[in-house]
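K.L.:
Before anything else, here's the structure in question.
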Amino acid sequence: MTIDGYLEAFRREGRIVVVGASLAGLRAAEALRAEGFAGTLTLVGDEPHEPYDRPPLSKQVLLGKVPADHTRLPRVRPVDAQWRLGSAATGLDLAAKRVRLADGDVLDYDRLLITTGVRARPWPQELEAELDGVFVLRTQDDAVQLHHRLAAGPRRVLVIGAGFTGSEIASACRERDVPVTVAERGAAPLVGALGGVVGEVAAELQRAHGVDLRCGVQVTGLEGDSAGRVRTAHFSDGTAVACDVVVVALGATRNTEWLADSGLGAGPRGIACDAGCRAFDVRGIVTDDVFVAGDVARSPHPLFGYQFLSLEHWGNAVAQAEVAAHNMVSASAERRPHLWMPSFWSAQFGVNIKSVGVPPMADQIMVTQGSLAEQRFTAAYGFQGRVIAAVTFDQAKWLDFYERQIERAASFPPEFTTVDRRPEGRQPVAADFPDPSQPSHGPTVTLSGYSPTDRRVSFTPRRA
Amino acid sequence: MTSVALLRQVLDYANRPDPYPLYAELRRTPVVRDEAGPYLVSTYWAVKGLLHDPRISSDARNLTPEAAEATGQEQDPNLPPSFLRLDPPEHDRLRRLAMRPFGPPHTPRRVFEMHGELAGIVTGLIDGLRGRDAIDLVDDVSYPFPVTVICRILGVPREDETHFHEWADTIAAGLDPVGTPEERAAKMQDVQQARRDLAMYLAGLIEERRRSPRDDMLSALATEHGPDGQMSPVEMITTSVLLLIAGHETTVNLITNGMLTLLRHPDVLQRLRTEPALAGPLVEELLRFEPPVQMLPQRTTLAEIEVAGTVIPKGAAVYLMVASGNRDPQRFTDPDRFVPDRPDNQHLGFGHGLHSCFGAPLARLEAQLALTELVRRLDAPQLVEDPPPYRQNAVLRGPRHLPLTIGGIRD
Ligand SMILES: Cc1cc2nc3c(=O)[nH]c(=O)nc-3n(C[C@H](O)[C@H](O)[C@H](O)COP(=O)(O)OP(=O)(O)OC[C@H]3O[C@@H](n4cnc5c(N)ncnc54)[C@H](O)[C@@H]3O)c2cc1C
Ligand code: HEM
Ligand code: HEM
């Protein structure tokens with residue numbers, strides 16, 4: 001059969017399996033149908049729930065404005081799929097084109113899409129992690145329980161890690177008038193994602209809202225009472241805090257363990273894929289029947305020196321899922337690259353924070369509009385004389401302009417004048433990111449090097 | 001034809017009924033320097049880009065003296081500019097303060113809750129036409145409706161409304177960049193007098209509301225304290241003048257242009273009669289097709305800016321031709337066709353970016369209500385003349401009168 005003939009037959013009666021039934025998985029399934037894929041579509045998800053949205057879990061849900069089980073993702077169009085919810089994929093056989101499920105079933109595929117996302121990194125001391133009152137926040141079930149505890153009026157909540165999720169949780173606590181301590185190993189909240197200069201603003205914001213913020217400390221241990229309920233947390237500076245709820249917000253781990261011996265280029269940093277969402281195998285060769293999208297993917301980006309980027313961004317998951325779906329059912333000449341401008345939003349302490357580009361890549365920052373002290377500003381990030389990212393606090397209207405600057409690799413520091421330029425906006429300063437080898441909490445964009453695979457391929461030259 | 005003379009033609013009253021061919025001509029050069037000095041920007045993406053560009057200022061004090069002279073944008077020495085003509089951070093602070101009693105996040109349901117009251121006003125105006133077989137849509141409905149609404153929102157007593165019309169008309173006439181420098185100077189004198197009178201009146205009213213507040217916007221501005229504190233007394237005056245003029249001189253054109261366009265497209269008029277849900281997208285298409293604000297002629301460059309291959313120097317006057325951007329074939333398919341349910345209709349009719357229309361939710365609701373009720377209740381409306389007589393103003397463009405014959409008024 002010709003290749004074209006194959007594609008036609010595949011679109012008509014092929015088998016596609018999607019592993020990971022959340023945002024990226026659902027949007028990809030919908031896009032596959034919109035692209036005219038008429039074959040069998042199977043969605044495998046280890047969570048028992050229908051696909052739901054995560055951003056509200058740390059915002060409206062914790063405030064009690066939306067029940068945790070009411071964040072179901074709106075369906076854009078019917079997907080007519082076989083749903084395998086509540087069953088995890090446990091293995092992949094690339095040669096046989098087969099996915100193994102935890103219940104022993106196997107699913108044969110012609111093309112596979114992997115959208116297994118990430119999970120919350122748990123508290124490393126297992127016994128302490130099992131204490132009653134210790135939580136993470138990634139899933140709907142997590143949110144149900146945490147909301148329940150917050151509503152019961154705990155005496156004090158301890159949030160470990162002041163990344164976006166941790167900060168949003170702390171914000172929700174304060175809005176509910178629950179006392180909260182935030183412990184952050186870095187010098188300020190959000191330093192990993194936005195650097196020290198903006199981190200200082202986030203610190204001010206937290207303190208102004210009554211958060212007991214402790215930076216530069218680590219939690220060394222969690223202590224429970226005789227009934228196994230968490231009671232006290234100990235810090236590296238010798239102090240301790242009495243708390244009855246602890247939320248561990250130390251970033252995320254990629255869900256790739258099930259691929260361990262599959263031969264796919266998958267590891268703790270994610271699954272490497274090309275700009276067309278095709279996965280690399282461990283040899284660095286791109287596959288043609290395994291595609292990746294969403295938080296679990298890492299892919300090279302031309303705007304950022306072709307480094308592989310891992311993005312934990314809602315918008316990226318949607319856009320990449322759509323590109324992956326299109327490419328799965330298109331001939332190579334019609335395939336599209338996923339060239340997403342990284343962008344992220346967060347709502348905390350009454351401030352709308354947005355970023356575009358890759359702030360952690362920057363060496364310098366300049367406040368081009370507004371003022372840090374007023375907590376309303378736009379800051380541009382520079383790397384080797386180019387604009388590489390921008391962040392706004394309550395000034396999202398300007399972000400489009402800076403996005404264009406990043407796309408055009410405009411020079412940094414910007415030479416032009418803008419409205420609302422303050423004295424602090426005349427000179428760039430060091431962006432002040434912590435050493436990336438010591439992540440304190442998940443930055444939402446991670447530069448993950450140039451190599452498509454995580455593990456070294458053993459290189460054995462053929463004898464002549 | 002050289003594009004150099006195009007602005008003069010756009011401003012020429014003879015072209016008021018149909019400036020769109022001139023805009024098409026303009027778009028052939030997305031950015032062009034006019035003989036009178038300003039740079040005219042006419043394509044969709046270039047206009048939109050500049051509306052989001054922080055190197056662009058709305059504050060006339062940033063014009064070079066020559067550019068200010070050439071475009072007649074002098075400062076009124078008596079009153080500081082309103083937030084329409086200010087840059088951040090002053091703009092943002094004043095807009096937030098004005099938004100507090102008007103919309104989200106503090107008062108998200110304000111406009112929504114006015115639905116019943118607005119419908120009542122329209123019904124009253126249309127009821128008043130019973131027994132007539134000829135009407136002037138402008139004087140009978142399009143003008144009194146939004147004026148009554150904005151006066152009620154602010155809290156202006158009904159018996160004072162007539163003074164307002166005179167002041168507002170005079171000020172709005174001053175927005176028009178036509179005439180010789182002498183004519184413009186004379187007009188500016190009238191404008192400044194009208195603004196002074198209006199300001200004096202409002203100062204008195206605000207003081208009254210401060211002492212005994214009611215449920216209106218002036219009372220809220222005068223008495224409430226939010227995270228940004230309060231406006232100064234002068235800021236309260238400039239802001240209420242801004243809201244009054246904006247509420248006076250724009251929605252009238254949207255309603256009138258709407259009826260005119262419907263009468264030119266009887267099939268659409270018929271559709272709206274049977275399908276009132278069409279009103280939403282139809283009003284968006286009107287804002288694209290016949291935008292009441294045709295251009296934004298009060299922008300200045302704070303730095304040299306390259307747009308579509310042309311470098312605009314610092315301190316230059318820039319006219320953003322939104323009505324032209326709205327007809328840009330690079331953005332809208334079949335742009336000269338009126339498509340009431342046009343998909344993906346991101347028009348520039350309310351501007352964009354930080355100065356985007358403050359009153360947009362109110363204006364939309366007013367136009368939707370007025371047009372739905374007009375087509376439902378006017379029996380056999382007919383245009384008496386086409387094109388109708390236009391107002392002088394090329395910027396806030398619309399018919400001065402829209403004479404119609406009608407068969408009667410339905411219930
Ligand atoms: C609390 C919270 C707040 C957030 N807020 C924001 C925000 O404000 N802005 C923003 O841009 N982003 C935010 N995000 C990130 C955003 O939600 C993610 O980018 C998005 O969910 C990624 O979607 P995904 O489908 O790639 O991965 P996921 O949503 O992680 O979905 C992966 C799915 O695959 C399942 N799975 C994993 N392994 C297997 C397996 N072996 N077999 C079967 N199924 C498996 C998982 O259980 C999960 O259901 C937030 C995330 C969280 C948790
Ligand atoms: C159809 C009716 C209307 C249209 C077409 C319209 C159009 C516009 C446009 C194009 C702008 C942008 C000006 C600029 O960028 O310089 C604007 C701004 C503004 N409009 Fe409207 N408008 C309408 C109705 C109203 C109403 C009813 C109100 C009052 C309630 C109002 C209040 C304002 C204000 C206050 C601004 C200034 C916003 C700022 O500078 O931040 N408008 N309008
Ligand atoms: C769009 C083209 C417009 C032009 C050319 C224009 C121009 C002008 C000019 C020249 C003045 C004279 C006073 C001054 O210099 O401050 C003025 C005042 C004013 N304009 Fe506009 N304007 C336009 C649009 C608008 C819109 C859309 C609104 C309302 C939404 C508006 C509301 C006002 C008000 C309220 C004043 C007087 C009060 C004040 O400035 O404080 N104008 N304008």
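K.L.:
Tell me which residues, restricted to region A:386-400, are part of a helix (DSSP H, G or I) and surrounded by fewer than 22 Cβ atoms within 10 Å (Cβ to Cβ).
P.N.:
A:Ala396, A:Lys397, A:Leu399, A:Asp400
K.L.:
Moving on. Quick one: in region A:92-118, which of the residues that are part of a loop (DSSP other than H, G, I, E, B) and within 11 Å of ligand 1 (Cβ to nearest atom) is farthest from the other protein chains (Cβ to nearest Cβ)?
P.N.:
A:Ala102
K.L.:
Counting residues that are more than 16 Å from ligand 3 (Cβ to nearest atom) and touching a Leu at 6+ places or on another chain (Cβ under 7 Å), which strands (runs of 3 or more DSSP E) fully inside region B:226-332 reach at least 1?
P.N.:
In region B:226-332, the matching strands (runs of 3 or more DSSP E) lie at B:305-307.
K.L.:
Take the residues of region A:401-426 that are in a loop (DSSP other than H, G, I, E, B) and among the aromatic types (Phe, Trp, Tyr): which is farthest from the other protein chains (Cβ to nearest Cβ)?
P.N.:
It comes out as A:Phe412.
K.L.:
Quick test of your reading of the structure: A:Asp289 fulfils all but one of (1) under 22 Å from A:Glu403 (Cβ atoms); (2) outside any helix (DSSP H, G or I); (3) among the charged types (D, E, K, R). Name the failing condition by number.
P.N.:
It is condition (1) that A:Asp289 fails.
K.L.:
Quickly run through region B:136-150 and pick out the residues that are more than 8 Å from B:Gly247 (Cβ to Cβ) and in a helix (DSSP H, G or I).
P.N.:
Within region B:136-150, B:Leu137, B:Val138, B:Asp139, B:Asp140, B:Val141, B:Ser142, B:Pro144, B:Phe145, B:Thr148 meet the criteria.
Listed here are the residues, each with its yes/no results for (1) more than 30 Å from B:Leu125 (Cβ to Cβ); (2) within 14 Å of chain A (Cβ to nearest Cβ).
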{"residue": "B:Thr301", "(1), (2)": "yes, yes"}
{"residue": "B:Glu306", "(1), (2)": "yes, yes"}
{"residue": "B:Ala317", "(1), (2)": "yes, no"}
{"residue": "B:Val339", "(1), (2)": "no, no"}
{"residue": "B:Arg342", "(1), (2)": "no, no"}
{"residue": "B:Asp379", "(1), (2)": "no, no"}
{"residue": "B:Pro388", "(1), (2)": "no, no"}
{"residue": "B:Gln392", "(1), (2)": "no, no"}
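K.L.:
Checking the structure you have, find out if any residue of region A:119-127 is under 29 Å from A:Arg15 (Cα atoms), of a type outside the set (Phe, Trp, Tyr) and either part of a loop (DSSP other than H, G, I, E, B) or more than 16 Å from ligand 2 (Cβ to nearest atom) (or both).
P.N.:
yes
K.L.:
Which condition does A:Val391 not pass, out of (1) modelled with pLDDT under 95; (2) away from every other protein chain (no Cβ under 14 Å), if it passes all the others?
P.N.:
The one condition A:Val391 does not meet is (1).
K.L.:
Residue pairs, Cβ under 7 Å, 6 or more apart or interchain, first in region A:328-349 and closer than 18 Å to A:Phe37 by Cα, second aromatic (Phe, Trp, Tyr) and assigned to a strand (DSSP E or B). List them.
P.N.:
A:Met328/A:Phe291
K.L.:
Looking at region B:371-411, which of its residues are part of a helix (DSSP H, G or I) and aliphatic (A, V, I, L, M)?
P.N.:
Result: B:Leu371, B:Leu374, B:Val375.
K.L.:
Any idea how many residues of region A:15-63 are in a loop (DSSP other than H, G, I, E, B) and more than 18 Å from A:Glu322 (Cα to Cα)?
P.N.:
Within region A:15-63, residues that are in a loop (DSSP other than H, G, I, E, B) and more than 18 Å from A:Glu322 (Cα to Cα) number 11.
K.L.:
Show me the helices (runs of 4 or more DSSP H) found entirely inside region B:22-127 where at least 3 residues are within 14 Å of chain A (Cβ to nearest Cβ) and within 16 Å of ligand 3 (Cβ to nearest atom).
P.N.:
The qualifying helices (runs of 4 or more DSSP H) are B:44-51, B:90-99.
K.L.:
Check B:Leu354, B:Leu402 and return the single one that is within 14 Å of chain A (Cβ to nearest Cβ), away from ligand 1 (no atom under 16 Å from the Cβ) and in contact with a Pro (Cβ under 9 Å, 6 or more places away or on another chain).
P.N.:
Step by step, each of B:Leu354, B:Leu402 is checked, and only B:Leu354 is within 14 Å of chain A (Cβ to nearest Cβ), away from ligand 1 (no atom under 16 Å from the Cβ) and in contact with a Pro (Cβ under 9 Å, 6 or more places away or on another chain).
K.L.:
Which pairs turn up if I take residues in region A:53-70 that are closer than 15 Å to A:Cys173 by Cα and look for partners that are part of a loop (DSSP other than H, G, I, E, B) with beta carbon separation below 7 Å, at least 6 apart in sequence or on another chain?
P.N.:
A:Pro56/A:Val66; A:Pro56/A:Thr71; A:Leu57/A:Thr71; A:Leu57/A:Leu137; A:Ser58/A:Leu137; A:Gln60/A:Val66; A:Val61/A:Thr71; A:Leu63/A:Arg176
The values are calculated or read from the model by the stated rules, or taken from the named source; none is laboratory data. As the structure is a computational prediction, the values presented were derived from the model and not from experiment. Cβ: placed from backbone, ideal geometry, glycine included. Neighbour counts: every protein chain shown.
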